[in-house]
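If you scroll down you'll find the structure; I have some questions about it.
The values are calculated or read from the model by the stated rules, or taken from the named source; none is laboratory data. Here the structure is a predicted model, which means the values were calculated and not measured. For neighbour counting, all protein chains shown are included, and Cβ atoms are generated from backbone atoms with ideal geometry for every residue, glycine included. Note: areas computed on protein heavy atoms with side chains; ligands, DNA, RNA excluded. Shrake-Rupley method; radii C 1.70, N 1.55, O 1.52, S 1.80 Å.
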Amino acid sequence: GSYIENAFPEMKVIYTRKTNDKFLKLAERTQLANDNNADLFISVHCDAFTNPTAYGAGVYVMGMSKLKANMDIAMKENAVIYLEDDYKENYDGFDPNSAESYIIFSLTQNTHLDQSLHIAEEIEGQFATRANRKSRGVKQAPFYVISRANMPSILIECGFLTNPKEEDFLHSEEGQEYLASAIFRAFRTYKESIDGVKTANNLQQQEITSIKKEEKSIMEKKEIIETKEKVIYKVQIGTYLKSMLSNKLFQEIKAEEQILNGTYKYFSGSNNSKIEMDKTKIIIQGKGFKGAFVVAFYKGNKISMKEALNLQKKIKNYE
């Protein structure tokens, strides 16, 4: 949190708690993020296992897992609700140790899976390459605390307290700085990607790239003119773990389905004008898809919004 506050003073960091040994109900943690309309939810944990040799860090996103190990970890983390009074009433009868209770997670619509995976992969990479931690990878598991978040959300397992060596690392100031800075660097990359904000080095690289683009041949410019390819804008509704085409709401907005690596992505609308798609986005968000956002395509490939606007301007100048 302090790394983010120092680097981005315009951003507001909300902590679930800043004092030691304060218990917060599982639902309250997510509700705090939802009530504040947060842009990102990061849940930081330390792991434990019966085998004291287990070690390493991993990152989880919301999703049903067929792997018993992932389910076991989720059940263990979700079991914190047993510490709460009237948990059965507060969680609508959800029992962390009951396999049947997890049926509700298979029905959860995760409209932020793309962005959640994005930052999860960034953090996993930072842990492995910069913090020198054993990477346990990016996984999907039904964690209650991130299943109710109305924004991209991840759960981080920093390491195993049941491994004496790793416990010492996690307790040390150096270890905590390594992990915190790794998470921050991943967050910064994620933010730059989402907002289009670049660091000074990236700006310099953009200038070099821009010069090279200006030096492209007349034949390449002619090709752009002759193909008359246009940038296409669409509204991405979200990413789901099952097909939603039978859903009446998806039929109403004439959703377009794309299947990639076992996930289902949905888009609505198609226009050369970003302004028109921004209007469509507002309409779709009003229908309950609050996480909907505008994306751009060129020659059938998805490109960043900055690339799209620059390319659109370039084509217009050539014409």
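May I ask you to list the residues in region 37-51 that are out of contact with any Phe, Trp or Tyr (no Cβ under 9 Å at 6 or more places or on another chain) and open to solvent by 80 Å² or more (accessible area, probe 1.4 Å)?
Asn37, Asp39, Val44, Thr50
Would you pick out the residues in region 266-319 that are in a loop (DSSP other than H, G, I, E, B) and over 14 Å from Tyr233 (Cα atoms)?
Lys287, Gly288, Phe289, Lys290, Gly291, Glu319
How do the pairs read when you match residues in region 171-193 that are closer than 11 Å to Arg130 by Cβ with residues anywhere that are aliphatic (A, V, I, L, M) and part of a helix (DSSP H, G or I), using Cβ under 8 Å and keeping only pairs 6 or more apart or on different chains?
Leu179/Leu170; Ala182/Ile123; Ile183/Ile123; Phe184/Ile4; Phe184/Ala7; Ala186/Ile119; Ala186/Ile123
Against the definition (open to solvent by less than 30 Å² (accessible area, probe 1.4 Å), at pLDDT 75 or above, assigned to a loop (DSSP other than H, G, I, E, B) and in contact with a Phe, Trp or Tyr (Cβ under 7 Å, 6 or more places away or on another chain)), how does Ala54 come out, yes or no?
yes
Could you check, for region 151-159, whether at least one of its residues is crowded, with 21+ Cβ neighbours inside 10 Å and either at pLDDT below 90 or more than 20 Å from Phe187 (Cα to Cα) (or both)?
no
Can you work out which of the residues in region 9-31 that are in a helix (DSSP H, G or I) and among the aliphatic types (A, V, I, L, M) is least open to solvent (accessible area, probe 1.4 Å)?
For region 9-31, the residue satisfying everything is Leu26.
Of these, Asn70, Asn34, Asn90, Asn6, which one is open to solvent by less than 90 Å² (accessible area, probe 1.4 Å) and modelled with pLDDT of 75 or more?
Asn34
If I ask for residues that are farther than 20 Å from Val138 by Cα and of a type in the set (Lys, Arg), which ones from region 162-191 would you list?
Across region 162-191, the qualifying residue is only Lys165.
On to the next question. Out of the residues in region 247-290 meeting the condition of being among the small types (Gly, Ala, Ser), free of Cβ contacts under 8 Å to residues at least 24 places away in the same chain and farther than 25 Å from Gln140 by Cα, tell me which one is least open to solvent (accessible area, probe 1.4 Å).
Ala255
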